[in-house]
């Protein structure tokens, strides 16, 4: 019953679907999605619908809130245009309700999961929601005493897939790993979606099609 983590799908519905097929995701597995399901890519609605379908069919899919979900929540709440994706009118309320109930972090055996990062300048790094959604370049401040023997898994700041794979190989030593290989980004070395097996440390990745 392996546990998997994926982040920053960003509308890459087809790639997401194929990656789950590649890892053989089943109802006995657990899948942790670290936010940013929407925007940038071609099919934000398809990503959300696939997640909801899996959850409705009894798959163990646990979702975090990303900054792009928060941006959409804020846009709908304030009656203004979305940054990119706006749900169809008939799905808008369902989407808003689902996103508004997404947690900012999860703690599971061996890991802390978050979208962007943590503010280690605070006594309780899990109290800063803004940092969990938006922070970058915080890694030098990590408090390993606070982490204990856990690994912090996150996304939000895309990097080349070779860097992601290197971080995965060294994650037990660093106690940090960013899984965002910029699936919807056009830059060199990016354009990949990565699934990390949290139990074996194995990475599976696909290039966006």
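The values are calculated or read from the model by the stated rules, or taken from the named source; none is laboratory data. Quantities reported herein were computed from a predicted structural model and do not represent experimental measurements. Methodologically, a virtual Cβ is constructed for each residue, glycine included, from the backbone with ideal geometry; neighbour enumeration extends over all protein chains shown.
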Would you call residue 81 without any contact (Cβ under 8 Å) to a residue 24 or more places away in the chain and surrounded by 19 or more Cβ atoms within 10 Å (Cβ to Cβ)? no
Please enumerate the residues belonging to region 185-209 that are out of contact with any helix residue (DSSP H, G or I) (no Cβ under 9 Å at 6 or more places or on another chain) and more than 14 Å from residue 34 (Cα to Cα). 185, 186, 187, 188, 199, 200
Considering residues that are buried (at least 18 other Cβ atoms within 10 Å of the Cβ), closer than 12 Å to residue 66 by Cβ and without any contact (Cβ under 8 Å) to a residue 60 or more places away in the chain, the number found within region 94-115 is 3
The condition from (1) assigned to a helix (DSSP H, G or I); (2) within 19 Å of the chain's Cα centre (by Cα); (3) farther than 26 Å from residue 69 by Cα that residue 140 misses is numbered (2)
Filter region 26-48 down to residues that are farther than 17 Å from residue 101 by Cβ and either in contact with a strand residue (DSSP E or B) (Cβ under 6 Å, 6 or more places away or on another chain) or in a helix (DSSP H, G or I) (or both), then give me how many there are. 6
Residue count, region 131-183 (criterion: touching a helix residue (DSSP H, G or I) at 6+ places or on another chain (Cβ under 6 Å) and on the phi > 0 side of the Ramachandran plot): 1
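One line per residue, one yes/no per condition, for (1) part of a helix (DSSP H, G or I); (2) within 27 Å of residue 207 (Cα to Cα); (3) touching a strand residue (DSSP E or B) at 6+ places or on another chain (Cβ under 6 Å):
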position	(1), (2), (3)
122	no, no, no
133	yes, yes, no
158	no, yes, no
162	yes, yes, no
167	yes, yes, yes
173	yes, no, no
187	no, yes, no
Can you name every residue in region 49-81 that is in a loop (DSSP other than H, G, I, E, B) and either under 12 Å from the mean Cα position of the chain (by Cα) or at pLDDT 95 or above (or both)? 57, 58, 59, 64, 65, 66
